[in-house]
Amino acid sequence: GHLHDEVGLASAGIVHYDYSVSPNWTVPDGTILTVAGQDCKIYTTLGAAVTDANTNRQTAGQDTTFYIAGGDSTLSVTITCDPPSVSTWHFIGEGKERTQFTVTASIGITNTAPGTGLQSRLCFSNMAFAASTAVTCVNTGSRSVELDQVDFILTNSSAVGVVARNTTNTHPSLRATDCTFGNTVSSDGIGIQTAVGSGLGNDFFLGNCYFS
């Protein structure tokens with residue numbers, strides 16, 4: 001249903017996002033009216049929001065923004081993103097110290113858009129992923145990924161931050177800015193892994209990133 005609660009909006013600070021995700025929502029999944037006068041769907045899990053977008057945000061060239069409020073969440077089931085052709089899905093956290101995902105599924109988030117998803121891209125900002133077992137936090141498939149102020153806290157030698165390759169996309173395979181890959185306490189894990197046989201070449205951009 002629609003929840004047009006101005007007090008709730010003020011406390012949530014929502015100006016405009018297509019989806020707002022928080023494990024602390026005390027109302028059922030539904031839709032709220034933002035202060036910009038546009039609808040924003042609310043969910044308690046990122047997986048549920050992405051499932052909805054995989055069905056209802058599928059127009060070619062239609063970008064989608066997911067706001068993820070602060071809190072610790074566990075990704076025990078892979079979240080599969082299927083953005084439409086020539087589109088960008090933005091995942092925006094509340095800060096890498098506040099929006100944190102612990103990955104226990106073999107792959108935390110993946111972009112497996114088929115042929116209809118050519119030129120699609122996933123962008124993550126202001127969040128952190130943690131892995132203490134042999135899992136992959138983000139797998140981009142053959143699509144592009146952009147990271148801005150994202151930490152990958154890897155405390156297992158076989159844990160992988162991001163698998164990147166780009167065979168069917170005009171965007172860079174990987175663009176990362178102000179990110180940490182690894183474990184700041186000891187050298188552990190694989191920060192960036194390229195898919196076998198598909199090197200990143202000149203499509204690999206890093207700016208002010210830390211590797212351990």
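Worth pointing out:
- Options Leu3, Leu9: the member that is modelled with pLDDT under 90, open to solvent by less than 50 Å² (accessible area, probe 1.4 Å) and over 27 Å from Arg143 (Cα atoms): Leu9
- Among the residues listed as Phe211, Phe181, the single one being modelled with pLDDT of 85 or more and under 17 Å from the mean Cα position of the chain (by Cα): Phe181
- Within the range 64-89, being under 14 Å from the mean Cα position of the chain (by Cα) and acidic (Asp, Glu) holds for one residue alone: Asp82.
- In the range 197-208, the condition of being small (Gly, Ala, Ser), at pLDDT below 90, in contact with a Ser or Thr (Cβ under 6 Å, 6 or more places away or on another chain) and over 14 Å from Val138 (Cα atoms) is met by at least one residue.
- Selection of the range 158-174 for residues being modelled with pLDDT under 90 and either of a type outside the set (S, T, N, Q) or open to solvent by 30 Å² or more (accessible area, probe 1.4 Å) (or both) yields Val163, Ala164, Arg165, Thr167, Thr168, Thr170, His171, Pro172, Leu174.
The values are calculated or read from the model by the stated rules, or taken from the named source; none is laboratory data. Treat the numbers as computed from the prediction; the structure is a model and nothing was measured. Note: ideal-geometry Cβ built from the backbone for every residue, glycine included; neighbour counts use all protein chains shown. When the accessible area is computed, the model is the full protein with side chains, heavy atoms only, and any ligands, DNA or RNA have been set aside. Shrake-Rupley method; radii C 1.70, N 1.55, O 1.52, S 1.80 Å.
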